[in-house]
Amino acid sequence: MAGGSEIAGHYKHLINPNKHWWQHTRGWKLMFWVGLYCLGNMANGYDGALVSGLQILPLFQEDFNHPTGSTLGLLGAVQNIGSLGSIPVAPLWNDRFGRRKTILLGTTMMITGAALQAAAKDVNWFLGGRALLGFGGGFNNNADPLMVIELAYPSHRPILSGCYGSLTGVGSIVAAAITFGTYYISSSWSWRLPALVQVIPTVFQMCMVMLGPESPRWLMSKGREQEALDVLVYYHGKGDPHDPLVLYEFEEMKKAVEEEKKNKIGGWISLFNTPGMRRRSWIMMALALSGQWSGNGLVTYYLSPVLNTIGITDRKQQLGINLGLTVWNFACGIMAGFSADKFGRRRIFLATTSMMLAFLVSVTICSAQYNLHKDKVSGAFVVVFIYFFTGCYAFGWPGIMLLYVTEIVPTSLRSKAHSLWAITQASFLVFNQYTNPIGFQSLGWKYYLVFDVVMVVILAFLYFFIIETKGLTLEETGILFDGEVAVKNLQDRADQQAALDADVEDIVHRDRGEEESPGSEKGSFVHTEHV
């Protein structure tokens with residue numbers, strides 16, 4: 001397969017290059033709503049850095065009896081264990097009640113869990129709060145990225161997906177900065193305050209989510225065509241029901257949903273019952289595994305033990321490195337979204353993973369030199385190469401992987417497929433978080449050698465199995481693995497039907513073979529926020 005290059009960018013001729021989103025109030029509204037759903041990933045990033053930062057705080061260590069080994073691993077893994085519990089349930093709720101109500105339920109549980117975590121009197125209480133926080137986060141993580149990708153303006157989708165992925169960096173920066181500041185608080189609030197601050201973006205998201213639009217793809221899948229069209233007209237057409245892009249999107253969504261219903265696509269078994277879906281599912285699970293076994297988790301969750309192996313044991317110095325690392329990763333991650341359609345998903349995966357392998361080997365060599373010869377220069381280079389390694393990961397994996405695994409699946413399976421990817425990712429994340437402290441404690445710098453070998457395997461997988469998807473709509477990437485002919489047929493049918501729609505007053509009624517309502521006027525579509 002040509003990787004989508006022969007058919008990429010088809011919809012772009014329908015976009016007026018002289019009109020930009022910031023020139024219209026509805027463009028600003030759309031960006032606000034998409035930004036609201038990005039907050040969910042900010043909370044994820046905050047938690048990831050929180051675990052690393054709390055380990056460095058002396059009073060956290062005292063209150064929880066200096067956790068090490070398996071206890072330390074459980075502190076990092078328990079939230080993802082909770083998330084694993086919600087993953088089978090979240091897509092069912094998401095498909096039945098919609099993206100917004102899924103986020104509403106998830107944020108409610110996350111706020112409760114974070115409050116329990118901040119009020120913990122012992123390690124078991126703390127673990128219970130984190131488990132509930134993770135369970136609610138599973139609902140959010142299922143719906144948030146789908147809303148970002150399904151609601152975004154087509155040409156903005158890669159950029160916004162990259163922003164969604166990189167917002168883990170914003171959360172990490174905030175967590176690292178707060179734990180750096182609370183280091184100087186001489187009470188248990190030095191760790192309770194960072195644990196409590198975690199609820200702020202979640203509370204805002206919970207209060208606002210039901211005031212915004214629902215995913216037009218979900219509305220279409222439920223037969224609510226008029227509501228789906230209303231959302232497209234209001235946000236993508238700036239109020240013009242005969243905007244060429246809106247008509248094209250509407251027809252592609254409708255045709256894609258019709259085909260999915262015709263082929264009875266929708267149940268869990270549909271993820272594996274055709275060659276195309278088996279290939280998608282295999283790639284999604286392999287990407288989830290690769291993202292966790294790339295070695296990034298070593299410095300994301302266990303920076304303190306990593307720095308200890310090279311003699312950097314001063315708490316304030318570790319906190320400073322942690323803060324600097326999160327800022328650097330955010331800067332690299334935010335560039336990924338702007339590069340996805342320029343360079344392509346496949347090329348970014350291959351280039352960044354190759355550099356990650358080179359830098360991880362460099363970390364291994366320098367760590368060995370420090371531990372064998374106590375060479376301080378080698379220890380300093382370990383920190384430098386960790387920065388380079390995590391920067392490549394931030395650029396090439398979080399946002400690009402999320403975009404890729406979400407866009408290659410048909411609408412009716414997107415929530416379940418995302419859960420398949422998430423449950424695979426969370427399973428290996430739990431495994432890594434539990435075993436990494438034990439591995440470091442037992443092997444020290446030699447533990448890097450395991451990930452060096454795995455990275456070679458990951459690179460081979462990316463080269464042989466990743467297909468390019470840049471420049472296509474969600475509906476087109478959703479059937480790309482079924483062949484380029486299927487994509488071209490969908491484009492042709494959408495083009496033809498959109499041309500007919502341009503001269504029709506009531507598009508939905510015309511599609512149903514119904515007569516127009518008396519007194520209807522051209523351009524009379526009114527946006528409503530459907531609750």
Under a crude label model (7 Å from the Cα following the beta-carbon direction), how far is residue 438 from residue 453 in nanometres? 1.8
What nm value, rounded to one decimal, do you get for the distance between residue 226 and residue 376 when each label is placed 7 Å out toward the C-beta? 7.6
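Place the peptides 35-47, 139-151 in order of packing, highest mean first, counting for every residue the other Cβ atoms within 10 Å and averaging per peptide. Can you show the working numbers first?
Numbers: 35-47: 24.2, 139-151: 27.1.
In descending order of packing, they fall as 139-151, 35-47.
Could you list the square roots of 5 times each eigenvalue of the Cα gyration tensor of segment 19-212, that is, the equivalent ellipsoid semi-axes, sorted largest first and rounded to whole Å? If you can, show how the numbers build up before the last one.
Numbers: eigenvalues 202, 69, 34 Å².
Its equivalent ellipsoid spans semi-axes of 32, 19, 13 Å.
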Name the residue farthest towards the positive end of the dipole of the chain from the options 176, 199, 423, assuming +1 on Cβ of Lys and Arg, -1 on Cβ of Asp and Glu, about the Cα centre. 176
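What ranking, highest mean first, results for peptides 357-366, 183-192 when packing means the other Cβ atoms within 10 Å averaged over each residue?
Numbers: 357-366: 20.5, 183-192: 15.7.
Peptide ranking by packing, descending: 357-366, 183-192.
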About its Cα centre, the chain carries a charge dipole, from +1 on Lys and Arg Cβ atoms and -1 on Asp and Glu Cβ atoms, whose size in debye to the nearest 20 is 1600
Positive-end extreme of charge dipole, segment 429-490 - chosen from 459, 444, 483 (charges on Cβ): 444
Taking the Cα centre of each part, how many Å lie between segment 388-414 and segment 162-240? 18
Rotationally averaged projected area of segment 271-471 (alpha carbon convex hull; nm²): 11.4
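Taking the Cα centre as origin and putting +1 on Lys and Arg beta-carbons and -1 on Asp and Glu beta-carbons, what dipole magnitude results for segment 309-377, to the nearest 20 debye? Let's see the in-between values first.
Values: 8 positive and 3 negative charges, 23 e Å.
That gives segment 309-377 a dipole magnitude of about 100 debye.
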Largest-first ordering by accessible area, 1.4 Å probe, given options 156, 236, 24, 373: 373, 24, 156, 236
Pairs over 25 Å Cα to Cα, from 238/416; 376/446; 12/488; 12/101; 255/470; 222/416, come to 238/416; 12/101
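Which percent of the accessible area of the chain is formed by carbon and sulfur heavy atoms (probe 1.4 angstrom)? Write down the numbers at each step before the final one.
Numbers: 12920 of 20200 Å².
In the chain, the share of accessible area belonging to carbon and sulfur is 64 percent.
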The chain -> Rg/Rh from Cα coords, Kirkwood Rh, value 1.00
Binned at 10 Å from 0, what are the whole-percent values of the Cα-Cα distance distribution for segment 258-380, short to long? 10, 27, 27, 19, 10, 5, 1
Gap separating the Cα centres of segment 26-103 and segment 132-146, nearest whole Å: 8
Residue-averaged [θ]222 nm for the chain, counting only DSSP H segments that reach four residues, each worth -39500 (n - 2.57): -24500 deg cm²/dmol
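The values are calculated or read from the model by the stated rules, or taken from the named source; none is laboratory data. Because the structure is predicted, anything quoted here is derived from the model rather than measured. Please note: Cβ atoms are built from the backbone with ideal geometry, for glycine as well, and neighbour counts cover all protein chains shown. The area values use the complete protein model at the heavy-atom level, side chains included, leaving out ligands, DNA and RNA. Shrake-Rupley method; radii C 1.70, N 1.55, O 1.52, S 1.80 Å.
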